[in-house]
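Everything on this sheet refers to the single structure shown next.
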Amino acid sequence: MDALFTQQRLQVLSLGVHNDEYTDAYLYAWYTNVYPFFQDGDGITPSMPQEHYSEQFMVSRDKVDDLSKYLDQCWLDRNVPTFYELERKYEVNRGCSDWKRMDLVHICRYMKLDGSFDDEFWAALLTPGQHPSEAASIIRKFDRKHDIYFQ
């Protein structure tokens with residue numbers, strides 16, 4: 001990681017944890033190294049910190065954009081995939097894709113914390129027996145004071 005990115009990341013997390021700045025979704029994205037796509041500026045207001053470091057995030061802006069568009073279409077079509085179906089679509093287990101299971105988990109949790117979709121959507125995605133145990137974290141309560149660790 002670039003030193004300036006690391007410094008910015010620690011500053012965002014510190015302001016969020018100790019001063020209650022930023023939303024839970026935004027903090028979670030920075031903490032898990034997911035590009036916080038939904039908080040990008042509109043071109044009129046001042047840019048947000050992530051816009052200067054888009055290439056530094058381990059889970060790219062393009063991945064967040066791609067997955068959010070796909071899930072939005074599934075929701076509109078009332079055809080929500082299970083998590084394992086999502087893994088098959090993105091060829092997570094085949095090794096021929098740059099997608100990883102935790103990319104899907106972290107992006108989905110970021111989206112859930114940002115208020116994307118309804119409880120019925122998340123229940124369908126996390127159909128019992130149709131998701132790995134780590135995917136259950138998508139719907140867990142987020143507590144910035146206890147869930148963010150400074151290392």
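Below is a table of values for the structure above.
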{"read-out": "Residue selected from region 137-146 under the condition touching a residue at least 12 places away in the same chain (Cβ under 8 Å), closer than 16 Å to ASP20 by Cα and open to solvent by less than 100 Å² (accessible area, probe 1.4 Å), by the criterion nearest to the chain's Cα centre (by Cα)", "value": "PHE142"}
{"read-out": "Elements of type helices (runs of 4 or more DSSP H) contained in region 51-122, each with 2 or more residues being open to solvent by less than 80 Å² (accessible area, probe 1.4 Å) and basic (Lys, Arg)", "value": "101-113"}
{"read-out": "Whichever residue in region 24-44 is outside any helix (DSSP H, G or I) and charged (D, E, K, R) and, among such residues, is modelled with the lowest pLDDT", "value": "ASP42"}
{"read-out": "Check on GLN39, in contact with a Pro (Cβ under 6 Å, 6 or more places away or on another chain), surrounded by 13 or more Cβ atoms within 10 Å (Cβ to Cβ), closer than 27 Å to ASP143 by Cα and not small (Gly, Ala, Ser)", "value": "no"}
{"read-out": "Selected residue (criterion: nearest to GLN8 (Cα to Cα)) from residues of region 123-136 that are small (Gly, Ala, Ser) and surrounded by 15 or more Cβ atoms within 10 Å (Cβ to Cβ)", "value": "ALA135"}
{"read-out": "Checking GLU21 against (1) part of a helix (DSSP H, G or I); (2) open to solvent by 60 Å² or more (accessible area, probe 1.4 Å), the condition it does not meet", "value": "(1)"}
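The values are calculated or read from the model by the stated rules, or taken from the named source; none is laboratory data. Quick caveat: nothing in here was measured; it's all calculated off a predicted structure. In this analysis, Cβ positions are derived from the backbone assuming ideal geometry, glycine residues included, and neighbour counts consider all displayed protein chains. Just so you know, the surface numbers come from the protein's heavy atoms only, side chains and all, with ligands and any DNA or RNA stripped out. Shrake-Rupley method; radii C 1.70, N 1.55, O 1.52, S 1.80 Å.
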